[in-house]
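Visitor: Attaching a single structure in structure tokens format; questions to follow.
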Amino acid sequence: MLRRFVVLMNEERCRVLAEMSQVRGLMPLLMKPRNRQPWSDEDRIELTLHLRRLRRVSPYIAVLVLPGGLAMLPVLAWWLDRRRAGRSVATN
């Protein structure tokens, strides 16, 4: 059981790191209007993609920002694993 937990945490860590590395260009893009530069259509599409990526990792961000959030990480891992198991059963 402990081995499965460690494997699950490593998988989630890699997934979150991959998602966060994709969001690197978000801040310069968000600062364009402040610097009096308009957003182009490509910028708007890129902004939408960045926000979708952030939505995927938002449970992690919320848990880490809340007081006592680090104590909730095992619960979050269990909940995310439960959701994944439900989807795989529903697709079979």
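The values are calculated or read from the model by the stated rules, or taken from the named source; none is laboratory data. Treat the numbers as computed from the prediction; the structure is a model and nothing was measured. Ideal geometry is used to build each Cβ from the backbone, glycine not excepted, and the neighbour counts take in all protein chains shown. Note: accessible area is taken over every heavy atom of the protein model, side chains too, but ligands, DNA and RNA are not part of it. Shrake-Rupley method; radii C 1.70, N 1.55, O 1.52, S 1.80 Å.
Visitor: Considering only the stretch 24-32, I want to know if a residue exists there that is under 30 Å from Ala77 (Cα atoms) and out of contact with any helix residue (DSSP H, G or I) (no Cβ under 8 Å at 6 or more places or on another chain).
Guide: yes
Visitor: Hey, could you check the stretch 42-92 for residues that are outside any loop (DSSP other than H, G, I, E, B) and among the polar types (S, T, N, Q) and say which is modelled with the highest pLDDT? Let's see the steps before the verdict.
Guide: Pass one, the stretch 42-92, residues outside any loop (DSSP other than H, G, I, E, B): 42-65, 69-91.
Among the residues that remain, those that are also among the polar types (S, T, N, Q) are: 48, 58, 88, 91.
Details: Thr48: 91, Ser58: 72, Ser88: 52, Thr91: 50.
Selected residue: Thr48.
Visitor: Identify all residues within the stretch 14-68 that are basic (Lys, Arg) and at negative phi; write none if there are none.
Guide: Result: Arg15, Arg24, Lys32, Arg34, Arg44, Arg52, Arg53, Arg55, Arg56.
Visitor: Contact list please: Cβ distance under 7 Å, first residue in the stretch 4-29 and open to solvent by 50 Å² or more (accessible area, probe 1.4 Å), second residue outside any loop (DSSP other than H, G, I, E, B), pairs at least six apart or on different chains.
Guide: Met9/Ala77; Met20/Val57; Gln22/Arg53
Visitor: Still on this structure, I have one more. Can you pull out the residues in the stretch 30-59 that are β-branched (Val, Ile, Thr) and open to solvent by 50 Å² or more (accessible area, probe 1.4 Å)?
Guide: Within the stretch 30-59, the subset β-branched (Val, Ile, Thr) is 45, 48, 57.
Within the stretch 30-59, Ile45, Thr48 meet the criteria.
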